[in-house]
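Notes follow once the structure below has been shown.
The values are calculated or read from the model by the stated rules, or taken from the named source; none is laboratory data. Please read these numbers as outputs of a predicted model, since none were measured by experiment. No Cβ is skipped: glycine too gets one built from the backbone with ideal geometry, and neighbour counts run over all protein chains shown. Side chains included, ligands, DNA and RNA excluded: accessible areas come from the protein's heavy atoms. Shrake-Rupley method; radii C 1.70, N 1.55, O 1.52, S 1.80 Å.
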Amino acid sequence: PYFFALLLFFVFIHIQSLIISGALFCVLSVSLYLSIYLPFALVFFFFLMIRRPPRSTLSSSSAASDVYKRQHHLFPWLASLLLLRHTAMAAWASSAVDLHITNSTAICLDGTPGKMWLSTSSSTKWMIVLEGGGWCYSLADCYVRSLGPVGTSHFYTAPQNMNGPFDPNCDVNPKFCDYNIVQVHYCDGYSFMSDKGENSGLYFYGRTILQTALSVLKSTYNLDKATDVLLSGCSAGGTAAILNADYVHTELASITTLSTFKVLSLSGIFPITIANIDGDYVFADQIEVAVSSLVSNAISNIDSTCADALGSTDSWKCATAAGLYPYFQYPLMIVNSVYDKFSSSCIFGAKAVATTSTDNGNCSAFSSWEPCLGPNTNLNALSPFDTYSYFSVFAVNQSCSVNQVSQMNSQWRAGFMNVVQSADTFTKAGNAAFLHSCFLHCGSVWNGSNTGVNTARTLTVDTYNTIAIDDTTIYGAIGTWWDSDTTTPASENTYLSCEWWPEEYKSSQCNPSCPGYPYNSYSTARKVGIAVAAVIGVLVAGSLGGLISKFLPKYGWTHSPT
């Protein structure tokens, strides 16, 4: 019965892990229990067997029998306790919430239910994360998107890339791990701003998904008792955090206990005022079509203050984080690379595609720039794993010419810095900026525990805790800003990047903490190869030296003992 109970226990966790987190986590979970709980249970079992009195004394009236029976019942009880412990852990673990049940129009591009992922705790502090994943720029592009992970909820069986400040693991994210953490699945095509409804067989209900998520969180998960709320996201999610902040704050206005509301945008600033290498505004043109009533109609949800300031002709710019940034009114921290891999490849290095094309942009389209910006790509052709590795790891192989580095500094970096520094928002008290020089996108959410991506691409990148400016890491900068009040001068929480080096004989990277820095640019495999080659070289050299010293005397060469 003991081993039968234990067997049921392992079967239970195996099935439950499989359902919750997929086969990979299932194997890891079972391995954990086999390595920790099973030895403990077996030791306890053998302890009982050692203490077991002779069978002849186990009568119902013997004292030995009474003692043994009391111990005898501990093992099944212990097995039950472990089972209950696992059940309790599962109740606090991630769970997908179907928003379609509450609102029938809270649906993705393909009509599947909008969803969100939860990691709840007893805290009154909340982090609401809006998932990222680019945008679609035309109906043809959006159709292809509807077939993949950011256009449907078919594949949303676990939270996506919830690491860095979003990680509920206290070993890697002690600052925010005990918060109630929510990820709202991104599947509407335009940063939760779409409001077109049905359009050519596609469903643009991004704002409805967000509204429904907030409603469910307040009515079912105690968001209505929150004291602190941090709205965040990375990439298109970082853009979404800025674009939807006013709406979210309005939805939370009825929460009487709410004392702190801040916005953290990670890699969410995509300049629309910087032309590509040929001088064409490719990205701006794509976004203007994407937000129009022809596609998502996101323009119907733009900030009114921004729209009034820019006028009807340019109001579409308010549907971008770069356009809205000067008019943003809530405490905000932006964490961005000034040489962001996506932006530099898909804005500065982009070429136009036809509005009838199913391609999602044409990134790094100038062949002479591919060694510097990365391979030419259409994002619809990449898997999620390829997308993550393409934008986050290519930097270690980067090779820019002197002229290219000069252009990246004078045109791209200078243009990006002008976008943010020209706005009063940049110096507004309570705000912050961490603008680094690493050639990455969403590097702030890589903390070495990105299991799915790491398994597929053998990555162990931890840029969240290692990228630093003036000895302050991304993790440290975010924590300091979050703990600061809204009267703290922005200058106290502002960290600015260096400029790339225009030198051909080594990497252009100027920050020693960045992947791709000259002295840290070798991969682990290459370092191992160099070490092995060095050892072999020493052995070969020693062998040759021995042979030479042995044979040279035959030809008249001698040497003294010294």
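Open to solvent by 10 Å² or more (accessible area, probe 1.4 Å) and over 20 Å from M162 (Cα atoms): which single residue out of T250, T212 fits that description?
Criteria check complete, one pass: T250.
Hey, among the residues in region 284-317 that are outside any helix (DSSP H, G or I) and among the β-branched types (V, I, T), which one's nearest to I274 (Cα to Cα)?
V291
Residue under question is D278, and the condition is that it be open to solvent by 10 Å² or more (accessible area, probe 1.4 Å) and more than 28 Å from the chain's Cα centre (by Cα); does it hold?
yes
Restricted to region 332-382, and to residues that are open to solvent by less than 30 Å² (accessible area, probe 1.4 Å) and of a type in the set (S, T, Y), which residue is nearest to the chain's Cα centre (by Cα)?
Checked region 332-382; the qualifying residue nearest to the chain's Cα centre (by Cα) is S337.
Checking the condition closer than 22 Å to I242 by Cβ, open to solvent by 10 Å² or more (accessible area, probe 1.4 Å), in contact with a strand residue (DSSP E or B) (Cβ under 6 Å, 6 or more places away or on another chain) and not acidic (D, E), which residue from G164, G132 passes?
One residue alone meets the criteria, G132.
From the list S200, S235, pick out the single residue that is crowded, with 24+ Cβ neighbours inside 10 Å, of a type in the set (G, A, S) and under 21 Å from I287 (Cα atoms).
The conditions single out S235.
Could you check region 311-326 and list, in sequence order, the residues that are under 21 Å from G415 (Cα atoms) and surrounded by fewer than 19 Cβ atoms within 10 Å (Cβ to Cβ)?
Result: D314, P326.
Taking the condition touching a strand residue (DSSP E or B) at 6+ places or on another chain (Cβ under 8 Å), open to solvent by 10 Å² or more (accessible area, probe 1.4 Å) and over 28 Å from E288 (Cα atoms), does T124 pass?
When the stated conditions are applied, T124 passes them.
Sort out which residues of region 308-317 are under 31 Å from the mean Cα position of the chain (by Cα) and either in contact (Cβ under 8 Å) with a residue 40 or more places away in the chain or more than 10 Å from E288 (Cα to Cα) (or both), and write them in order of number.
Answer for region 308-317, where residues must be under 31 Å from the mean Cα position of the chain (by Cα) and either in contact (Cβ under 8 Å) with a residue 40 or more places away in the chain or more than 10 Å from E288 (Cα to Cα) (or both): just K317.
So in region 198-225, with the set limited to residues that are among the basic types (K, R) and touching a residue at least 40 places away in the same chain (Cβ under 8 Å), which one is farthest from G237 (Cα to Cα)?
K225
Any idea how many residues of region 135-155 are open to solvent by less than 10 Å² (accessible area, probe 1.4 Å) and aromatic (F, W, Y)?
Adding up the residues that qualify gives 1.
Could you tell me whether V282 is touching a residue at least 40 places away in the same chain (Cβ under 8 Å), over 28 Å from L230 (Cβ atoms) and β-branched (V, I, T)?
yes
Going through region 365-403 one residue at a time, which ones are touching a Pro at 6+ places or on another chain (Cβ under 6 Å) and at pLDDT 90 or above?
Matches in region 365-403: V402 only.
Counting only residues that are open to solvent by 10 Å² or more (accessible area, probe 1.4 Å), over 14 Å from P331 (Cβ atoms) and assigned to a loop (DSSP other than H, G, I, E, B), how many does region 417-437 have?
Residues in region 417-437 being open to solvent by 10 Å² or more (accessible area, probe 1.4 Å), over 14 Å from P331 (Cβ atoms) and assigned to a loop (DSSP other than H, G, I, E, B): 1 in total.
Mind checking which residues of region 322-351 are within 17 Å of S235 (Cβ to Cβ) and among the basic types (K, R)?
K341
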